[in-house]
Amino acid sequence: MSTPVRPSSRFSELSKYINSLTNLLGVDILAPKMEFNYRTWTTIFAIANYSAFTVFTILNGGDWRVGLKASLMIGGLIHGLGKFLTCLLKHKEMRRTVLYTQSIYEEYESRGESYHKTLNLNIDRLLGIMKIVRNGYVFAFCLMEIQPLAMLMYDGTRVTAMQYVIPGLPLENNYGYVVTYLIQSVTMVVTGVGFYAGDLFVFLGLTQILTFADMLQLKVNELNDTLKQKAETRVLVPVGASVKGESNRQRLLLEVIKWHQLFTEYCRAINALYYELIATQVLSMALAMMLSFCINLSSFHMPSAIFFVVSAYSMSIYCILGTILEFGHDQVYESICNVAWYELSGDQRKLFGFLLRESQYPHNIQILGVMPLSVRTALQIVKLIYSVSMMMMNRA
């Protein structure tokens, strides 16, 4: 009979897999010290390459519509640059968070079948999210790569996936078109891997909020079991007599309080770690959606229509995850409210009162400290994009 895989081993393998993706771009998050290598400089070159050629195209386009199309993927540039800089500048904090979570898994996987099962289920949940994100990015970027070739074979139209031109390489020339396509393909591969790897590290941190919420539920269940046993035992003893097991109930209550403090501190730390990145992700993709929408209002443009879908997808997965995390915070509050507090002693009720009050103010993930990361915010952003786009086109 095969031995079940330990959750800590699965988490370690998962974090190493995600790190291998960022390492392809020259950023080794799990290394004790960040070191630049040729892959790091290749990523920097790809970012600088796109920025320079985009600026050149905007300045030399001759028509505001050409400049608007060239600036189409600036949102993607800001998005990718935000992830790259976060990995470089917050390398130690990201590594510390991964190792801390690893230690939690190693400590609690041996505390019983319920903890072992909960940790495995949460890893399965993260793997499911990774599969959705990966499939979405693979489909979108493959579509962007194939679209220029499909149009070339269909009616001979020469378009590029990325809307910039390279000086000295006119698209009318076969050599210029092939070289431009290859350079843009390399840039898009770097972009796709960067988008995916950056998202996975963020999701690795954010989804542990749900893991810790589930573990708090287990601790509350243990406490409620002892309180229920106290109520059943009290019926059998004389009135006013003490019920055995007070030290165990005190220990379990303190465990719930300490775990909620750990949960709150973790939420605060994750918010501080990815505060700028999440805001950059959502707002830059909103900018890309607005530019794509404006371009297609004047006339249909296939590359911008495809990038609109990519941008909407990239923004929505964050907002959907934010809503799921809100449910996790609700779960924590409901778990604490369901504690049989009336079976606690007077001093224990005072401690529980502090816990209940603290749980009423969850540390939800915020965008710029103003808007919650949620589907509601995404809908508000879409409404704003539509209003601004229509205003811009009426003035054009």
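Some values worked out for this structure:
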read-out: Out of Leu182, Leu152, sole residue that is open to solvent by 40 Å² or more (accessible area, probe 1.4 Å), among the aliphatic types (A, V, I, L, M), free of Cβ contacts under 8 Å to residues at least 12 places away in the same chain and touching a Lys or Arg at 6+ places or on another chain (Cβ under 8 Å); value: Leu152
read-out: Matching option when the condition is within 22 Å of the chain's Cα centre (by Cα) and within 30 Å of Thr101 (Cα to Cα), among Leu30, Leu77; value: Leu30
read-out: Qualifying positions in the range 103-136 - more than 22 Å from Ser314 (Cα to Cα) and either without any contact (Cβ under 8 Å) to a residue 60 or more places away in the chain or out of contact with any helix residue (DSSP H, G or I) (no Cβ under 6 Å at 6 or more places or on another chain) (or both); value: Ser103, Ile104, Glu107, Ser110, Arg111, Gly112, Glu113, His116, Lys117, Leu121
read-out: Qualifying residue in the range 99-109 (condition: within 18 Å of the chain's Cα centre (by Cα), under 30 Å from Met302 (Cα atoms) and part of a helix (DSSP H, G or I)); value: no
read-out: Qualifying residue in the range 291-308 (condition: closer than 15 Å to Phe263 by Cα and either open to solvent by 20 Å² or more (accessible area, probe 1.4 Å) or not in a helix (DSSP H, G or I) (or both)); value: no
read-out: Pair list, Cβ under 6 Å, 6 or more apart: the range 28-49 residue over 13 Å from Arg95 (Cβ atoms), other residue of a type outside the set (A, V, I, L, M) and open to solvent by less than 100 Å² (accessible area, probe 1.4 Å); value: Asn37/Gly26; Arg39/Gly26; Thr40/Gly26; Thr43/Gly26; Ala46/Thr187
read-out: Residue that is surrounded by the most Cβ atoms within 10 Å (Cβ to Cβ), among those in the range 1-58 that are assigned to a loop (DSSP other than H, G, I, E, B) and among the small types (Gly, Ala, Ser); value: Gly26
read-out: Contacts under 9 angstrom Cβ, first residue in the range 217-243 being open to solvent by 60 Å² or more (accessible area, probe 1.4 Å), partner modelled with pLDDT under 75 and not aliphatic (A, V, I, L, M), 6 or more apart; value: Gln229/Gly245
read-out: Selected residue [part of a helix (DSSP H, G or I) and within 33 Å of the chain's Cα centre (by Cα)] from Gln163, Gln184, Gln229, Gln250; value: Gln184
read-out: Residue pairs meeting the criteria (Cβ under 6 Å; at least 6 apart or on separate chains; first open to solvent by less than 50 Å² (accessible area, probe 1.4 Å), in the range 353-381; second aromatic (Phe, Trp, Tyr)); value: Ser359/Tyr333
read-out: Any hit, the range 336-349, residues being open to solvent by less than 40 Å² (accessible area, probe 1.4 Å), part of a helix (DSSP H, G or I) and within 21 Å of Lys69 (Cα to Cα); value: no
read-out: Filter result (of a type in the set (A, V, I, L, M) and surrounded by 19 or more Cβ atoms within 10 Å (Cβ to Cβ)) within the range 318-335; value: Leu321, Leu325, Val332
read-out: In the range 365-396, the residues that are within 20 Å of Thr207 (Cα to Cα), in a helix (DSSP H, G or I) and either in contact with a Ser or Thr (Cβ under 7 Å, 6 or more places away or on another chain) or at pLDDT below 85 (or both); value: Val375, Ala378
read-out: Among (1) small (Gly, Ala, Ser); (2) open to solvent by 70 Å² or more (accessible area, probe 1.4 Å); (3) closer than 16 Å to Ala46 by Cα - the single one Gly192 does not satisfy; value: (2)
read-out: Matching residues, the range 140-160, being hydroxyl-bearing (Ser, Thr, Tyr) and part of a loop (DSSP other than H, G, I, E, B); value: Thr157, Thr160
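The values are calculated or read from the model by the stated rules, or taken from the named source; none is laboratory data. Predicted model only: the values in this text are computed from it and were never measured. Positions of Cβ are generated from backbone atoms using ideal geometry, with glycine treated the same way; all protein chains shown enter the neighbour counts. Only protein heavy atoms, including side chains, enter the accessible area calculation; ligands, DNA and RNA are left aside. Shrake-Rupley method; radii C 1.70, N 1.55, O 1.52, S 1.80 Å.
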